[in-house]
1. Where does each of 143-152, 65-74 land if you order them by average Cβ count within 10 Å, highest first?
2. Let a ≥ b ≥ c be the square roots of the eigenvalues of the Cα gyration tensor of region 57-114; is it rounded (a/c under 1.5), or, if not, prolate (a/b larger than b/c) or oblate?
3. By per-residue mean of other Cβ atoms within 10 Å, what is the highest-first order of 179-185, 158-164?
4. Counting Lys and Arg as +1 and Asp and Glu as -1, each charge on the Cβ, what is the dipole of the chain about the Cα centre in debye, to the nearest 20?
5. Just to be sure I understand, if you calculate log10 I(q)/I(0) by the Debye sum over Cα atoms at q = 0.10, 0.12, 0.17, 0.18 Å⁻¹ for this structure, which of [x] -0.49, -0.69, -1.23, -1.34; [y] -0.75, -0.92, -1.27, -1.34; [z] -0.62, -0.81, -1.16, -1.23 do you get?
6. Please work out whether region 104-224 counts as rounded, prolate or oblate from its C-alpha gyration tensor, where a ≥ b ≥ c are the square roots of the eigenvalues and a/c under 1.5 means rounded, while otherwise a/b larger than b/c means prolate and anything else oblate?
7. State in Å² the accessible area per residue of the chain; use a 1.4 Å probe, count heavy atoms of protein chains only, and round to the nearest integer.
8. Out of residues 5 or more away from TRP22 or on other chains, whose amide H comes under 5 Å of its own, with H placed 1.01 Å from N in the peptide plane?
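The values are calculated or read from the model by the stated rules, or taken from the named source; none is laboratory data. Everything quoted here is computed from the prediction, not taken from an experiment. Every residue, glycine as well, gets a Cβ built from its backbone with ideal geometry; the counts of neighbours run over all protein chains shown. Side chains included, ligands, DNA and RNA excluded: accessible areas come from the protein's heavy atoms. Shrake-Rupley method; radii C 1.70, N 1.55, O 1.52, S 1.80 Å.
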Amino acid sequence: CIRDRVSTQSTWGRDVGDQYFWDFRNPDAVSYFIHTVVGGPNGAASPYVDGIFTDDVSGLPEEHAAAPQNLGLTIDELQAIQNATRGAHQMMLDYLVPLQKYNWQAFGNEDESEHPPTSDVCLDWMRRRCSNDTLTRPLLMGINATQGPQHIAAFLTIRGPYAYIGYGWIGATIPDRHPLFDSLQVGLPTGSCVETKPGVFERQWSRGTSGLDCNTWTPILEFH
């Protein structure tokens, strides 16, 4: 590992003292990280672990701007560390896929979930996602409790086979669960998202219809 002995300020403004960073230029460090830290019995090798969260996957100096200067790293050394870190992250993903485990940061939303639509951007948001291309990509979508029905309706209408609606992991809080999550019985999709008339998006399910009217910001959740 690389040790920065100079006290640094973290993102949260606290004096956190010495900082340690993985040096993935060392192949042994890469192997240990993937097969022992990530893939050990308390990690991806466990049947009770579905996936993992990573952070700062682009490498030093994410969140630690002063570290390269403190460590006396040259530009070439810093670039080599960053390239090695990205390479190690890809190797970790290649390791996880056959195990059918996931890595949150691999879904394209970094540490968050994708921001859900608002009434102001509903039309553009839905039109960009109401396509067959959406069905080929995983979706991590956020939800605002005050607009839960609209967000759940949008999610059902544009989601593919690999989709999640909820919250990101930053803060490690447990927000209130919207009651529609437990009451809706939608069945299986029988079609894709369709703009049935200007600004109105619908999708058929085996137990009914989901949709969102962007003209009036009205959810369509007609299930039996």
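1. Highest to lowest by the protection proxy: 143-152, 65-74.
2. In terms of gyration-tensor shape, oblate.
3. The densest-packed peptide leads the list: 158-164, 179-185.
4. Charge dipole, the chain, about its Cα centre: 660 debye, nearest 20.
5. [z]
6. In terms of gyration-tensor shape, rounded.
7. 58 Å²
8. HN-HN under 5 Å from TRP22: ILE2.
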